[in-house]
Amino acid sequence: MGLVDQIRRWRLVQQGLSSGKKRRTNSDGGVLGRLDRSLLVRAVLYLGFALGMVGLFTGHSGVSSGRVAEVVVILISALAIFQLNHHQAANRNGSVLLVFGGILVHLYVVRLVFGLALKAGLDENYAFLLTPMALAPMIHSVLLGQRAGVFSSVFVSLFGALTVAHVDRWEFLAISLFCGLTAVFATKRVSKRGRLLRAGAWVGLMALLVDVAFGKIVTSGLAFTDAASWSIFGQACLVAVTTGLLTGLFVSGILPLLEGVFGLTTEITWLELADLNHPLLRKMQIEAPGTFHHSLIVASLAESAAEAIGADAVMSRVCAYFHDIGKLNKPGYFIENQGEHNPHDGLTPTMSALIIVAHVKDGVDLAIKNKLNPRILEVIQEHHGDSLVYYFYHKAQERLLKHEAERTNGQAKSDDLPKVDEKSFRYPGPIPQTRESGIISLADAIESASRTISKPSPARIRALVDEIVFNRLRDGQLDACGLTMTELTTIRQVLASTLRSMLHARIEYPKEQVDDEPSDLSSRGGKVVSVAEIERVRRRRQQGE
């Protein structure tokens, strides 16, 4: 079909009916998208993980049939639990590769550290101190969430326990699991890269405590007069804490690479994208200030609603900043940027609707051109869904009724009867596919409609929010975003409360009266006095002082 489309486009160019340029779309990554969800690729990844585990343990000295059976049982359990309890990650091959690839790398690092420690003649206890127990759990927790981090903590501990000597197996399992879970809890909200170092410090401190508890750091022979024992103890403590810090530092450095390779975005990156000095946002401030102000309010509404239901609040705010960038192509055609002149007055309702609807495709084009995050691109496409441009549709119907009346009276011909097709007045879609996208679509509609309230009151604002949410539900715009009725109730309450605080009324202050000065402006009945008279009043006041 691609070749056929190219031939058709070439013919249109030859006839002078096309410029030959193709609008940018998000379908350029279609092949990668299919590979990311291919069951065959997923099966290959699972097989590769199994072979990697076989390679890890067959190369281990002293492997027995019992050890192989243990590995197989844990391996099958890991794959089954991941497939059953981690649906979102299991449905993307990139996430599957990240999880199981990270576990494999972690286990090979454990084996390498223990091997190097023994070859260097170090005490076996130092291998526990030098091993980055929280490496894979910290990476998976930051990139995929705490559930993935807990999964990683459990299975790197189980598999890792089989790589060490039999006498140290339970100690390794306990220490690794404790450090991994500490890393998961310490990375619950990572909004700055420096917090990864703090998480590493917590891991190091917890590793220190557990190593002391299990005797990996000897404390029994310590005496106040024995400086050598205290020196050994201090070195062991320093090694444990330093290992945790270096783990956090390494994760902080490798995160941008992993985000780019696997198409993931952390809260750190979202906060970096929230900078209002982005070229597109700067251009919007200058060329479409009304749209920019609208986007800021939508961002505040969406962020508060997303935070209330546990959705990604920072991502909602950033996506709301960019959701209307398509209006930059024709800013004057949108009401928030118009002055006294409305360009739609000279257009038919159908043409006006086409211009309004086109801002979604124009926004996608600008987003791809400026290499914005794919989630921002999805919100731009979905924030109107396939809803109706009701104003111009209603205007077109009114024109149709007027024309029919004129035709009945013989004042118009039947051939001049305009056709009103509802499809021409609908956005291209798709409808919102995520909770964040659904929240932004509601916030966008509610903010726009709130401008029509002449005297905003809590009851009117609440009625407006409820009406828009119920209309979106009735029209099927929220069917695919995953928002439950309970969450929608919370969203309605939060949006109404936030909007009420934004549209609050001001106290009307009385005008200041100056009794001792008859030349004050208030004595002129609101008329503007001359500059000379103002200067005369100022000099008289100074002389009076």
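The values are calculated or read from the model by the stated rules, or taken from the named source; none is laboratory data. Keep in mind that what you see is a predicted model, and the values were worked out from it rather than measured. Backbone-built Cβ (ideal geometry, glycine too); neighbour counts: all protein chains shown.
On the given criteria, is residue 189 assigned to a helix (DSSP H, G or I), in the same structural domain as residue 97 (by TED's automatic domain parsing) and surrounded by fewer than 18 Cβ atoms within 10 Å (Cβ to Cβ)?
Judged against the criteria, residue 189 is not a match.
Identify all residues within region 228-268 that are outside any helix (DSSP H, G or I) and β-branched (Val, Ile, Thr); write none if there are none.
Result: 265, 266.
Looking only at region 63-117, count every residue that is hydrophobic (A, V, I, L, M, F, W, C) and buried (at least 18 other Cβ atoms within 10 Å of the Cβ) and tell me the total.
Matching residues across region 63-117 total 17.
Go through (1) surrounded by fewer than 12 Cβ atoms within 10 Å (Cβ to Cβ); (2) modelled with pLDDT under 90; (3) under 30 Å from residue 312 (Cβ atoms) and name the single condition residue 449 misses.
(1)
Within the bounds of region 316-331, is there any residue that is in contact with a Phe, Trp or Tyr (Cβ under 7 Å, 6 or more places away or on another chain), surrounded by 20 or more Cβ atoms within 10 Å (Cβ to Cβ), farther than 21 Å from residue 382 by Cβ and not assigned by TED's automatic domain parsing to the domain that holds residue 140?
no
Test of understanding: among 127, 134, 120, which residue is of a type in the set (A, V, I, L, M), touching a Leu at 6+ places or on another chain (Cβ under 8 Å) and either without any contact (Cβ under 8 Å) to a residue 24 or more places away in the chain or buried (at least 21 other Cβ atoms within 10 Å of the Cβ) (or both)?
When all the criteria are applied, what remains is 127.
Report whether or not residue 373 is in contact with a Pro (Cβ under 7 Å, 6 or more places away or on another chain) and over 24 Å from residue 488 (Cα atoms).
So residue 373 does not fit the description; no.
Please note which helices (runs of 4 or more DSSP H) are completely contained in region 273-335 and include at least 2 residues that are farther than 22 Å from residue 481 by Cα.
Filter on region 273-335 gives 279-287, 289-309.
Any idea how many residues of region 336-354 are free of Cβ contacts under 8 Å to residues at least 60 places away in the same chain, among the polar types (S, T, N, Q) and not in a helix (DSSP H, G or I)?
Number satisfying all stated conditions: 2.
In region 286-337, which residues are among the acidic types (Asp, Glu) and within 21 Å of residue 497 (Cβ to Cβ)?
Within region 286-337, 303, 307, 312 qualify.
Quick one: is residue 357 part of a helix (DSSP H, G or I), in contact with a strand residue (DSSP E or B) (Cβ under 8 Å, 6 or more places away or on another chain) and not acidic (Asp, Glu)?
Criteria met by residue 357.
Checking residue 99 against (1) of a type outside the set (S, T, N, Q); (2) more than 16 Å from residue 262 (Cα to Cα); (3) assigned to a helix (DSSP H, G or I), which single condition isn't satisfied?
Unmet for residue 99, out of (1) of a type outside the set (S, T, N, Q); (2) more than 16 Å from residue 262 (Cα to Cα); (3) assigned to a helix (DSSP H, G or I): (2).
Please state which one of 524, 536, 541 is at pLDDT below 65, out of contact with any strand residue (DSSP E or B) (no Cβ under 9 Å at 6 or more places or on another chain), basic (Lys, Arg) and over 30 Å from residue 303 (Cβ atoms).
After applying the criteria, what remains is 524.
For residue 201, state whether it is at pLDDT 90 or above and either outside any helix (DSSP H, G or I) or more than 26 Å from residue 67 (Cα to Cα) (or both).
Yes: the conditions hold for residue 201.
Scan region 458-503 for residues that are in a loop (DSSP other than H, G, I, E, B) and without any contact (Cβ under 8 Å) to a residue 40 or more places away in the chain and jot them down.
Once the filter is applied, which keeps residues that are in a loop (DSSP other than H, G, I, E, B) and without any contact (Cβ under 8 Å) to a residue 40 or more places away in the chain, region 458-503 yields only 484.
For region 121-150, enumerate the residues that are assigned to a helix (DSSP H, G or I), farther than 19 Å from residue 268 by Cβ and more than 23 Å from the chain's Cα centre (by Cα).
124, 125, 126, 127, 128, 129, 130
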